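Reviewing the structure listed below.
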Amino acid sequence: MASFVLHQGATVLCAHGGAAVPLAPNPRVLLSGQPVVTIASTYAIENCPLPPPPTANGPCATGHFTTTSTRVRVMGTPVLLKDSASVCVPSGTPLRPVATQTRVRAI
């Protein structure tokens, strides 16, 4: 099923509520005036409240997506979707896209 494509302005959080921002969005294609995000970009996570060891294994520092669009690419690189699977480092929890543009969908 089709899902919304992620762009630089999408609100993405780690599972604990830390804000995640893409480090390398692709400026070649714009959605709502902002660069689209592809699998090539990792996310930097700020303000993750997960405590450090020995209490927990946090805070989340970076994250990356592991699944992408199967049909839509930008310069040969698959774009990320709102329902793409992801993982944060070092906690192993997922990133959660909570708000994104609502005009472009992809499979």
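Between Thr55, Thr100, Val87, the Cα set farthest toward the positive side of the dipole of the stretch 46-107 (charges on each charged residue's Cβ, about the Cα centre) is that of Thr100. If you average the alpha carbon positions of the stretch 68-97 and of the stretch 1-30, how far apart do those two centres end up, in angstrom? What the calculation gives is 9 Å, centre to centre. Val87 contributes about 40 Å² of solvent-accessible surface, heavy atoms of the protein only, 1.4 Å probe. In loop segments of the stretch 53-103 as defined by DSSP, the trypsin sites (Lys or Arg not before Pro) with at most 11 further C-beta atoms inside 10 Å of their C-beta are Arg71, Arg103.
The residues of the chain expose, per residue, 53 Å² of accessible area to a 1.4 Å probe.
Computing Rg and the Kirkwood Rh from the Cα coordinates of the chain gives a ratio, Rg/Rh, of 0.99.
The charge dipole of the chain, taken about its Cα centre with unit charges on the Cβ of Lys, Arg, Asp and Glu (plus for the first two, minus for the last two), comes to roughly 400 debye.
Within the stretch 8-61, the ratio Rg/Rh, alpha carbon atoms throughout and Rh by Kirkwood, equals 1.11.
Taking each residue as 0.36 nm, the span from Thr66 to Ala44 lengthens on full extension beyond its C-alpha to C-alpha distance by 6.4 nm.
Surface composition of the chain: carbon and sulfur make up 56 percent of the accessible area, probe 1.4 Å. Could you check how many percent of all C-alpha pairs in the stretch 53-99 are farther apart than 17 Å? Percent of Cα pairs beyond 17 Å in the stretch 53-99: 44.
Evaluate E = 1/(1 + (r/R0)^6) for Arg28 and Asn57, where r is the Cβ-Cβ distance and R0 equals 35 Å; express this FRET efficiency to the nearest 0.05. Calculated transfer efficiency: 0.45.
The values are calculated or read from the model by the stated rules, or taken from the named source; none is laboratory data. Because the structure is a prediction, the values reported are computed rather than measured. Neighbour counts run over all protein chains shown; Cβ positions are idealised from the backbone, glycine included. The area values use the complete protein model at the heavy-atom level, side chains included, leaving out ligands, DNA and RNA. Shrake-Rupley method; radii C 1.70, N 1.55, O 1.52, S 1.80 Å.
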